[in-house]
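Remarks on the structure that follows.
The values are calculated or read from the model by the stated rules, or taken from the named source; none is laboratory data. This structure is a prediction, so every number in the text was calculated from the model and none was measured. Cβ placement follows ideal geometry from the backbone for every residue including glycine, while neighbour counts extend to all protein chains displayed. We work out accessible area using only protein heavy atoms, side chains counted, and drop any ligands, DNA or RNA first. Shrake-Rupley method; radii C 1.70, N 1.55, O 1.52, S 1.80 Å.
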Amino acid sequence: MVQWTAEEKQFITGLWGKVNVAECGGEALARLLIVYPWTQRFFASFGNLSGATAVLGNPKVQAHGKKVLTSFGEAVKNLDGIKNTFSSLSELHCDKLHVDPENFRLLGDILVIVLAAHFTKDFTPACQATWQKLVGLVAHALARKYH
Amino acid sequence: MVLSAADKTNVKGVFAKIGGQADEYGADALERMFTTYPATKTYFPHFDLGKGSAQVKGHGKKVAGALVEAVNHIDDLAGALSKLSDLHAQKLRVDPVNFKLLGQCFLVTVATRNPGLLTPEVHASLDKFLCAVGTVLTAKYR
């Protein structure tokens, strides 16, 4: 059972309340595709991903980023039931989408950096630690049903 | 993984902007790493790792100095980091996985202190650079 201290819960819900999910999600996904270009392999249907400007301006990237981060938000709402929250999404990513779980870890790290840039000095080491723990748990939950 | 001319320009730009604060960035990255990834503390049983530790500050300065040296010789990272590479292989033997962790924390440090600097392109270049440094430092492990 994952344990969250009161302080960790505050770091998560307090921050999340101030996040623009559409913007942040779009940015995180765009950065994933730019910083780790091999991740573009999953998005052949997204059109022009040739270079940072194209990726950042791509409406499909923005839309999908929003979708992904909205889904991530379910973890924030269910901190004590993350595994169950992502159970069917895990099956989907394995059976239909065929996504290597390493990609969940990469996106998690990118999300932390996007939050860090947004919240600057409020993103203290303790806050970062909490968020790295959360993204790690979500990545783990998404990989859990792989076979 | 090869650093393009654009990558090198981006990385030099970052460190030029950070300038004299590199030592602080180094210490901040280490503090973040110890807090976020507690297993990394196992390499420093001889350190006081409490907040504001002089030893962590001192070590942050060393790490930052090495990164600055690497940037100044970015066309020959293997050469510039050769002695450090020997040290890590023969004496320190820090597990390779930890270089990624410190790299992540350094990126977070830059993001919190200079968010405008970390555009997606620069983020990509800096991440590549930090990976390359880690690769050089572990190159002689076996």
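Considering every residue within the stretch B:69-87, establish whether at least one is surrounded by 15 or more Cβ atoms within 10 Å (Cβ to Cβ), touching an Asp or Glu at 6+ places or on another chain (Cβ under 8 Å) and not polar (S, T, N, Q). Yes, the stretch B:69-87 has at least one match. The single residue among B:Gln90, B:Gln55, B:Gln21 that is modelled with pLDDT under 95 and either part of a helix (DSSP H, G or I) or away from chain A (no Cβ under 14 Å) (or both) turns out to be B:Gln90.
Out of the residues in the stretch B:67-81 meeting the condition of being without any contact (Cβ under 8 Å) to a residue 40 or more places away in the chain and part of a helix (DSSP H, G or I), tell me which one is farthest from B:Val14 (Cα to Cα). Among them, the one singled out is B:Gly79. Has the stretch A:60-79 got any residue that is in contact with a Gly (Cβ under 6 Å, 6 or more places away or on another chain) and crowded, with 20+ Cβ neighbours inside 10 Å? Looking through the stretch A:60-79, at least one residue is in contact with a Gly (Cβ under 6 Å, 6 or more places away or on another chain) and crowded, with 20+ Cβ neighbours inside 10 Å.
Can you tell me which residues in the stretch B:100-134 are assigned to a loop (DSSP other than H, G, I, E, B) and open to solvent by 20 Å² or more (accessible area, probe 1.4 Å)?
Within the stretch B:100-134, the first condition is being assigned to a loop (DSSP other than H, G, I, E, B), and the residues that meet it are B:114, B:118-119.
Residues satisfying the conditions are B:Asn114, B:Thr119.
Listed by position, the helices (runs of 4 or more DSSP H) enclosed by the stretch A:32-147 that each have at least 3 residues that are under 20 Å from A:Lys18 (Cβ atoms) and within 12 Å of chain B (Cβ to nearest Cβ) are A:102-119, A:125-143.
Is one or more of the residues making up the stretch B:36-43 touching a helix residue (DSSP H, G or I) at 6+ places or on another chain (Cβ under 8 Å), assigned to a helix (DSSP H, G or I) and either polar (S, T, N, Q) or under 14 Å from B:Val110 (Cβ atoms) (or both)? Scanning the stretch B:36-43, I find at least one residue that is touching a helix residue (DSSP H, G or I) at 6+ places or on another chain (Cβ under 8 Å), assigned to a helix (DSSP H, G or I) and either polar (S, T, N, Q) or under 14 Å from B:Val110 (Cβ atoms) (or both), so the answer is yes.
Yes or no, residue by residue, for (1) within 15 Å of the chain's Cα centre (by Cα); (2) modelled with pLDDT under 95:
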site	(1), (2)
A:Lys9	no, no
A:Val19	yes, no
A:Ala30	yes, no
A:Pro37	no, yes
A:Ala44	no, yes
A:Thr53	no, no
A:Val76	yes, no
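Taken over the stretch A:1-25, residues that are crowded, with 18+ Cβ neighbours inside 10 Å and over 23 Å from A:Ala141 (Cβ atoms) amount to 0.
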